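Student: Before anything else, here's the structure in question.
The values are calculated or read from the model by the stated rules, or taken from the named source; none is laboratory data. Bear in mind that the values here come from a model prediction, so they are computed numbers and not experimental data. Neighbour counts are summed over all protein chains in view; Cβ atoms, including those assigned to glycine, are modelled from backbone coordinates with ideal geometry.
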């Protein structure tokens, strides 16, 4: 078996199971072995109930006492079960699992594992997992991988498929030259892949993670460095020397640019009128005013007789950008003639948008990546602005160049990356930083609390909604069973509907939903018809709701500080005071001190630097950072030193052998050609 082998070739996987795997974008054996665990769990010896501390995940061996009590409220079934051991008692609660009443017999002994919580003087476990004595003993022998799942596909089924795939997988010969393996302490790829899926211990897991993360960083940076020269030497095919419309627009605005905004705008003006094609990144915290700078650049573009394009990661955000541009055009008499180009457009509307762009009637296209699809032809596209997109890389430039031009590129990002990392990751871009917030921004009020605060948080959310506001609630997981003791979107939305007044509409959102369903939910939240949105970090970018004033993050200890700051940036975007509540299920001193940094700072770059300092290699039991770099396993914060080493290795390799023609690098060159042939294209990251 190799990367291209269909998943259906594995024993036990029929058409029905294959369709479930496809929901996770797993079509081949190669996809499966690269579907790395999202988290890991260690199963310790069962504790006495008296030893089980609130805020920890543990197992107890206890006897069911009395008859389980099943009741229904608002369509939600709630099963309460009392258990005891020699040291004391505990209450277990199961939501929407009425069948557990027939499984758990009074007087029977079972092992339950979950998050221990304190409710008054009582200890409680919600949704604990049930184990037989032999099954639990097996799990104690090694670290358990936990995979991203979809409804109908269990962790056990996925583990079984991965074991089978690894046993039959045809591993290629080691492709790194010996000096890279030796200098950076990398284990063989086969060993790394086995260790990342089924580690015998923490050191084995760390070694596997190191090798696979190095691979990702190295291959990405190699492509980046190889293309840096191409991009930096592109001549300016669309010089823009007249910026008088931008000057008049600035004079008409009711506010003045900050010093940082003025500095960045001047850098962009020089790029647009200079001898080389612009290739610039604007890094700025949420609310720092990147969008107005993009509008100035696009205004200069159309004034000089060219076309511009503005791309956003979601249809909802693209539509919001479109509405902003249309409002500015009407209010200030600007020369924009924009079209909205998103996937949900009807065929007739799409054809009309294509026609207007091709003949030059429209001078600005605003949309998602649909803007640069094959059927779109521009009359004179001179500037592409991407907002919180995955990188606008070489592949996209090539696609546009094939249409007859090499436009200027301006990338906007609110991802707080320390400058030391940004220089490595954005090595092909000139970097501008907006490090100053407008004076009229309301600082967000933060609090870091334990799970016992949850009822008060619900009351606060209800009061905010009663006042006409909206709220986000973030959970680390999508569905139950992905990880013990961690809140998931599917169940949490049901519990929240039970806890909040009936008049409040609660909806859920996650990345595995169909795109049209995601867009519908985001549109309804943006319009105010949904008051509380329970979501994964999919809302980290791509939605702007000024009316949302509360961000509540469950299991905040599972996230990096930089990502928590990104999530916090979804509120505080309007005229009303906003609040962020970080709930931590783990209450040890180190965890609470780390989260307290968010309590004392709203500066994303300072927080990112602290994240870099506090998170180190081996932090493999939390939820991986997301963001605009599509690394499957590498984390730019926890693996920052490894990223630096990969950059160092790439620089040396290209200095000694720029075309990878030396015999010692033949296998590496062949490996890069192979992964490109199976669809792993680092040019698009």
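Student: Can you confirm whether residue 75 is out of contact with any strand residue (DSSP E or B) (no Cβ under 9 Å at 6 or more places or on another chain), within 29 Å of residue 588 (Cα to Cα) and exposed (fewer than 13 other Cβ atoms within 10 Å of the Cβ)?
Tutor: no
Student: Residues in segment 411-420: is at least one assigned to a strand (DSSP E or B) and in contact with a helix residue (DSSP H, G or I) (Cβ under 6 Å, 6 or more places away or on another chain)?
Tutor: yes
Student: Limited to segment 1-10, what total is found for residues that are surrounded by 14 or more Cβ atoms within 10 Å (Cβ to Cβ) and not in a loop (DSSP other than H, G, I, E, B)?
Tutor: 1
Student: Which one of 216, 174, 170 is at pLDDT below 95, surrounded by fewer than 15 Cβ atoms within 10 Å (Cβ to Cβ) and under 20 Å from residue 667 (Cα atoms)?
Tutor: Just one listed residue meets the conditions, 170.
Student: Hey, can you tell me all the residues within segment 268-288 that are in contact with a strand residue (DSSP E or B) (Cβ under 7 Å, 6 or more places away or on another chain) and surrounded by 16 or more Cβ atoms within 10 Å (Cβ to Cβ)?
Tutor: Hits for segment 268-288 are 268, 271, 272, 277, 278, 279, 280, 281, 282, 283, 284, 288.
Student: Considering only residues that are more than 20 Å from residue 30 (Cβ to Cβ) and part of a loop (DSSP other than H, G, I, E, B), which ones fall in segment 135-162?
Tutor: Of everything in segment 135-162, those that are more than 20 Å from residue 30 (Cβ to Cβ) and part of a loop (DSSP other than H, G, I, E, B) turn out to be 140, 141, 142, 143, 151, 152, 154.
Student: What residue, among those in segment 642-685 that are closer than 30 Å to residue 607 by Cα and modelled with pLDDT under 90, is surrounded by the most Cβ atoms within 10 Å (Cβ to Cβ)?
Tutor: Only one residue fits best here, namely 682.
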